[in-house]
Amino acid sequence: MRFVLDTEQRLLGDTLHGLLTKAGTPALIRRWAAGDHDRTLWSALGETGVFALAVPERHGGAGPLPVELVVAAHELGRHAAPGPIVETLAAAALLDGSAAAGPAAEWLPRIAAGQAVVSLGSPGRIRRALDADAADLILLADGEHLFSAVPEGPAVRALDPARRLFPVRQVERLATGPAVPRAAATAYDLAALACAAQLLGLGRALLDVTVKYARTRRQFGRPIGEFQAVKHHLANALTGLEFARPLAYGAALSFGSPDFPRDVSAAKAAASDAAYATARTALQVHGAIGYTDEYDPSLWIRKVRALRSAWGTPADHRARVLAAVPEVRGESPR
Amino acid sequence: MNIVVCVKQVPDTATERKLRSDDKTLDREAADGVINELDEYAVEEALTIKEAHGGEVTVLTMGPEKASESIRKALAMGADKAVHLSDEALHGSDALSTSYALAQVLKKIGFDIVLLGSESTDARTGMLAAMLSERLGVPQVTLANKVEIDGSSLKAQRLTDYGFDRVEASLPAVVSVVEKINEPRYPSFKGIMAAKKKPVEKLAVADAEIDAAKVGLAGASTEVVDFADAPPREKGQIVKDEGDGGVKVAEFLASKKFI
C-alpha cells in the first residue's frame, strides 16, 4: 500500500488552501461570531465539492470518500473555517444511513451542492447543536428515532465565540428503526475523524505562525527562536502533530471495517493532544500578544480548545481504544 | 472554436528561486513547480469563451516531466485535453527558441485562438505572445483585459499606461491576458477526478518537426553570462522626528530624485 496522497488528493488540498487564503478567514470568523452567517464561503466550498465527499453518488455526491474528507478537513482547520461544516458532513452520513428515504432525497443533493447548512445533536453525546440558528435543518438522533429539531432559547456561552451552541428540541420524526443508531454511529465516527483532521490543520497553522514569529521577535539581542528552550517547545509541537497525522489517514483507510471506530478514536485522541499542546506552545512563545483578541492566531487557539472536546473528549476516545484491545474485551489476542 | 492555452510551469513565487551553477539555467529542484499564475487567467478566459461559443480547449505546455502537474491543474479547471512538449533537447531554450518550438506544435495541432498569460513570473520577458504571432503569421493582441469573440473576429481591450485601447483582430489570433481580465475558477473535486481521464498527448521535438539545433542551450540566441545572489537588504536608517520630520522626508526623497 502506498501511504502517500495521490495527485488528485493533493490538488484538492491545494485548491482549498488557495480558496480559503483568498477568502480571508480571520474576518469571516469574526463576522460569524457576531451572528453574520453570510453563505459566500459555504457556497464556494460546496462548488469545490467538499460536502459532496460525504454524500453518495445516487444523491448527487461523490462519496463517501474518507481520505479526501481528511484532506479537506485538514485545510478547513488550517484556515479555521467557521460554521457547522463537520456537522453537515456528519448529517449527510446520518440521513443516508437512516432509511429516511424522503428526507434523504430532499436534503442530500442540497448538502452536496453547498446549498444547505445542517447541524445536529444526539442526547448524551452532542447535547447542543452548533450554529443551530444558522442551520436550514437540525437533526436529532435519539435511540431508534431520527427527528428534525429547532433551537430552544439563546446560544450558551462557549469557549470559542465563533462556535455558537444551542439547546434544541425535536419537532418531527423523520425515521425510526435499527438503521438510525447504526447511521448515527457512523456519522459520529466520520465527524470525529473530520474533527481530528481539522485539529491537525489548526495545529499546523499555529505552528507555522509561531515559528515565523520566533524568527523575527528579538529578545536579549537575538531572535527568540535561537534559544534552545524555545526550539525544543516548537520541535515537540511538530513531532506531536506529525505522529498524529498518520493515525488520521490510517483511520480514513479503515472506513467500513470493524476497526474504524477504534482507529478514529486513536486519531481523535492523538490529534486533540497534539493540537492542544501546539496551541499552548503558540500562546507561550507569542507572549502577551498571543492573548489579544485582535491578533488572528487567538481565533485558532480558541478553536483548538473547543474542538479538543467536541465529538468526544480525548478521555472518551482513549476509553474506546482501550475497549477495543482484545485482552480488555476478555478475548484472546488476534 | 479551437482554443489553445499555453501554460508554463514556474517555480513557486513564495519560495526562493535559484539558477544552477553548472549551466546557469533554472534550478527546478530548488523550488516547487506551480502553474504560472497569469496563465490561470488565460485558462479561465479560454473556458469562458468555450462556454459562450462552444468548441474545445487544449492546454499546451513545454517543459520537463514535472510540468504535467500544471497541465493537470488546467484540465481540472475544465480544459478538454492537453499537449505536452517534453524533450531533453529543449532544456535551456530561451524565449526565441521556445516561441519557435511552440509555434511548430501550434501549426501541427491547429487553432482559432491562442491564449496565454502576459508574462511568466520567472523569466518575465513578456515576449512570447508577440513572437508566436510573428512566427504563426497571425494578429497579436497583447495585455488584454477584456476579450469578446464575434464570429470570425475578436474585440479586445488592451491595457495601457493611460487606460486601455480598443482593438479588433481577425481570427486566428494570439492573445495575451492580464490579471484584470477575470477571476480564475477553482477546480472542483469532480473536475479534479475528471482530469484523470482527459487525454494528454506527449510530443518530443521530432514529433513536432522541431529542428533540435534551433532549441536548447546551444540553440539559444541569448546567454546567461553570469549571475549573483541579490545583495542582502541594507539596514534602514531611523530618523527621529523632532518637529522637522516632514523636512527630513522631503530631503530624503529629493536626494533620491523622487521629487
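Coordinate-derived values only; no laboratory data. All values derive from a computational prediction rather than experimental measurement. In this analysis, Cβ positions are derived from the backbone assuming ideal geometry, glycine residues included, and neighbour counts consider all displayed protein chains.
Tell me, please, whether a residue that is surrounded by 15 or more Cβ atoms within 10 Å (Cβ to Cβ), of a type outside the set (D, E, K, R) and without any contact (Cβ under 8 Å) to a residue 24 or more places away in the chain can be found in the stretch B:163-174.
Residues of the stretch B:163-174 surrounded by 15 or more Cβ atoms within 10 Å (Cβ to Cβ): B:164, B:167, B:169, B:171-174.
If we keep only those that are of a type outside the set (D, E, K, R) as well, we get B:164, B:167, B:169, B:171-174.
If we keep only those that are without any contact (Cβ under 8 Å) to a residue 24 or more places away in the chain as well, we get B:164.
Scanning the stretch B:163-174 turns up at least one residue that is surrounded by 15 or more Cβ atoms within 10 Å (Cβ to Cβ), of a type outside the set (D, E, K, R) and without any contact (Cβ under 8 Å) to a residue 24 or more places away in the chain.
Being part of a loop (DSSP other than H, G, I, E, B) and not basic (K, R): is that true of A:V285 here?
Details: part of a loop (DSSP other than H, G, I, E, B): no; not basic (K, R): yes.
In short, no.
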Next item on the list: Any residue in the stretch A:1-25 that's farther than 19 Å from A:A252 by Cα and free of Cβ contacts under 8 Å to residues at least 60 places away in the same chain: show its pairings with residues that are of a type in the set (F, W, Y) and not in a helix (DSSP H, G or I) at Cβ separation under 6 Å, as long as the two are six or more apart or on different chains.
Entry: A:T15/B:Y186; A:L19/B:Y186
Margin query: I need the full set of residues from the stretch B:18-40 which are in contact with an Asp or Glu (Cβ under 7 Å, 6 or more places away or on another chain), away from every other protein chain (no Cβ under 14 Å) and either without any contact (Cβ under 8 Å) to a residue 12 or more places away in the chain or of a type outside the set (A, V, I, L, M) (or both), in order please.
Written below: B:K18, B:R20
Check: Any idea which residue in the stretch B:15-40 is nearest to B:T61 (Cα to Cα), counting only those that are among the aliphatic types (A, V, I, L, M) and not in a helix (DSSP H, G or I)?
Finding: B:I35
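Considering the stretch A:107-145 alone, what residues qualify as being farther than 24 Å from A:T313 by Cα and surrounded by fewer than 16 Cβ atoms within 10 Å (Cβ to Cβ)? Spell out the reasoning first.
Residues of the stretch A:107-145 that are farther than 24 Å from A:T313 by Cα, as a first pass: A:107-117, A:133-137, A:144-145.
Scanning the stretch A:107-145 gives A:Q115, A:D133, A:D136, A:E144.
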Next item on the list: Give the residue that is surrounded by the most Cβ atoms within 10 Å (Cβ to Cβ), with candidates limited to residues of the stretch A:156-182 that are in contact with an Asp or Glu (Cβ under 7 Å, 6 or more places away or on another chain) and not in a strand (DSSP E or B).
Entry: A:R164
Note to self: For the structure I just gave you, tell me whether B:A144 is in contact with a Lys or Arg (Cβ under 9 Å, 6 or more places away or on another chain), away from chain A (no Cβ under 14 Å) and surrounded by 15 or more Cβ atoms within 10 Å (Cβ to Cβ).
What the structure shows: yes
Item checked: The listed residue being part of a strand (DSSP E or B), farther than 22 Å from B:P199 by Cα and more than 14 Å from chain A (Cβ to nearest Cβ), out of B:V4, B:V59, B:V10 -> B:V10
Item checked: Members of the stretch B:132-162 that are of a type outside the set (G, A, S) and out of contact with any strand residue (DSSP E or B) (no Cβ under 6 Å at 6 or more places or on another chain) -> B:E134, B:R135, B:L136, B:I149, B:D150, B:T160, B:D161, B:Y162
Next item on the list: Determine if the stretch A:37-52 includes at least one residue that is farther than 28 Å from A:P161 by Cβ and β-branched (V, I, T).
Entry: no
Next item on the list: Within the stretch B:193-200, identify whether any single residue is closer than 30 Å to A:L45 by Cβ and of a type in the set (V, I, T), and answer yes or no.
Entry: yes
